[in-house]
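Chemist: Structure provided below as structure tokens; questions to follow.
Computed from the coordinates by the stated procedures, all read-outs in this text should not be read as laboratory data. All figures in this text were calculated on a predicted structure; none of them were measured in a lab. Methodologically, a virtual Cβ is constructed for each residue, glycine included, from the backbone with ideal geometry; neighbour enumeration extends over all protein chains shown.
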Amino acid sequence: MTPTASKIVLYSSWLSSCSYRVRICLNFKEINYQLKPVDLMKFSSSESYSNEYVASPTKYVPALEIDGHTLFESMTIMQYVEETRPHNPLLPNDPSKRAQVRTICDIIVSGIQPLQNIAVVNRIIKHSVGENQEHWRQFWISRGFNVLEKILTETSGKYCVGDEITFADCCLVPQVFSARRQV
């Protein structure tokens, strides 16, 4: 079966910046997919997730059914799509620019996004003592965006890295949206 012959299903939530980045990737690459909405609010209020959503063993979104596989974790999904569907590439040919893209993605995916994750935020609020949780979260999110701004002054053109849309843009837009929504 060729990569484009199979039905593609994306389990996603409008609340999830991780899902948002995968939707940007799929749409930019002009890949048709079926969207299966997942209500994160059902799962974010308790530590034990229901069996209702089982596409991903982590019970997080996104999850993508593609080519007979179920993939989860947004960057893994995006990399798979990039490697199997080269139309409208999201990684530059130049290795140095690809490294810049990956650095920006890592800062967002590892340094900023986890502090905006609904499950993480709810756990912090539930178990926090002392310092104001909102202040703590805003401090670390702002710190991540400040680092990102410094990097973007060196890498950006029209977009995050040069003048072509890349994975970095797919990651940045949802994170800014999420940060603005939560402030």
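Chemist: Students often check this: by mean Cβ neighbours within 10 Å, which of 88-101, 147-160, 56-69 ranks highest, and how do the rest follow? Don't skip to the answer; put the middle values down first.
Modeler: Values: 88-101: 15.6, 147-160: 14.1, 56-69: 18.7.
Taking the mean over residues of other Cβ atoms within 10 Å, the ranking is 56-69, 88-101, 147-160.
Chemist: Classify the range 134-183 as rounded, prolate or oblate from the Cα gyration tensor: take a ≥ b ≥ c as the square roots of its eigenvalues, call it rounded if a/c is under 1.5, otherwise prolate when a/b beats b/c and oblate if not.
Modeler: Values: a/c = 3.66, a/b = 1.79, b/c = 2.04.
It is oblate, given that a/c is not under 1.5 and a/b is not larger than b/c.
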